[in-house]
1. So which residues in segment 111-124 are without any contact (Cβ under 8 Å) to a residue 40 or more places away in the chain and either closer than 16 Å to I191 by Cβ or part of a helix (DSSP H, G or I) (or both), if there are any at all?
2. Taking only segment 170-188 into account, find how many residues are part of a loop (DSSP other than H, G, I, E, B) and free of Cβ contacts under 8 Å to residues at least 12 places away in the same chain.
3. Taking R105, is it surrounded by fewer than 23 Cβ atoms within 10 Å (Cβ to Cβ), closer than 28 Å to R243 by Cα and either under 20 Å from the mean Cα position of the chain (by Cα) or aromatic (F, W, Y) (or both)?
4. If only one of S194, S239 is farther than 15 Å from S103 by Cβ, modelled with pLDDT of 95 or more and either surrounded by fewer than 20 Cβ atoms within 10 Å (Cβ to Cβ) or not basic (K, R) (or both), which one is it?
5. Of these, D156, D137, D108, D113, which one is at pLDDT 95 or above, of a type in the set (D, E, K, R) and more than 25 Å from R258 (Cβ to Cβ)?
6. Determine which member of the set A220, A233, A216 is farther than 25 Å from I147 by Cα and in the same structural domain as V119 (by TED's automatic domain parsing).
7. Report yes if some residue within segment 110-130 is acidic (D, E) and closer than 22 Å to H248 by Cα; otherwise report no.
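The values are calculated or read from the model by the stated rules, or taken from the named source; none is laboratory data. What you are looking at is a predicted structure, and each value in this text was computed from that prediction instead of being measured. Virtual Cβ from ideal backbone geometry, glycine too; neighbours counted across all protein chains shown.
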Amino acid sequence: MWTPLRAWRGRKSCSKFGVRNSEPGFSLNFSVGLRFARMKARRILHGALVCAAAMWAAGPAAASERVQPRSEAMWEDALAAFAAADLMNAPEPGGVLFVGSSSIRLWDSLESDFADAPVIKRGFGGSRLSDCVRLMDRLVIKYRPRIVMLYAGDNDLAEGSTPEEVLERVKAFAEGVHRRLPETRIRFISIKPSPARQSLLERARAANRLVQEYAASHPALDYVDVFTPMLTAEGTPRSELFRADALHLNDAGYALWRAVLRPFVR
């Protein structure tokens, strides 16, 4: 069997074009091997180009997990608890409804922080704007609130949504509520910056800016900025406002929110 090593050990002669081996069969075997190597290299290059083209066409979606639809069954325990609370003490229409993700759910002092307002707390942890839109009838419309304080979008970005997708979900929520409850004010609490999600800071800033611009032209939507006061002078999230997980607010964080939100709860 011919091998490159055996061929190299054969008789050689030189020419101006390089080394030439005069052992019988060397030229044929060398040519076949060279063609095979070139074909293999072309196949590898072609495969790499196909993969690169697919990744380019997919854009950012290939780099991050897209938000997947969720079943309402995921929230059945929370929804059942809300329904039980409504049976025991049904909120009167015209209340101030706080709805959204864990930043609402974990706000233990919410009712006492706004004791002069008829607060309805309906936070469900891990939720996204898309979940708030889908559960709008059960979590918003049924209460016929005077004001809706919405906090969501943080988890959307963390799961791969773009700022533009966040805006589209805010639009869907605002339009859905306004169509059904035209007298209700909707206040979007800006996506907060957090140390745990500092890599999402610029995306959160972009999403907030888009929502703020949209709210300026919407008849029932207001933008509430908690993003800016939660940053240091250097533009990083203020760690003293967060629990040990660097994601959820501590008492100092909620005190800041209370001060910012108070004018919008009246």
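1. E111, S112, G123
2. Within segment 170-188, residues that are part of a loop (DSSP other than H, G, I, E, B) and free of Cβ contacts under 8 Å to residues at least 12 places away in the same chain number 0.
3. So R105 passes the test.
4. Residue meeting the stated conditions: S239.
5. After ruling out the rest, the residue left standing is D137.
6. None of the others qualify; the one that does is A233.
7. Yes, there is a match, as at least one residue in segment 110-130 is acidic (D, E) and closer than 22 Å to H248 by Cα.
Residues are listed down the side, and each one gets a yes or a no for (1) out of contact with any Lys or Arg (no Cβ under 6 Å at 6 or more places or on another chain); (2) among the charged types (D, E, K, R); (3) farther than 20 Å from D225 by Cα; (4) surrounded by fewer than 24 Cβ atoms within 10 Å (Cβ to Cβ):
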{"position": "M88", "(1), (2), (3), (4)": "yes, no, yes, yes"}
{"position": "G123", "(1), (2), (3), (4)": "no, no, no, yes"}
{"position": "R138", "(1), (2), (3), (4)": "yes, yes, yes, yes"}
{"position": "K171", "(1), (2), (3), (4)": "yes, yes, no, yes"}
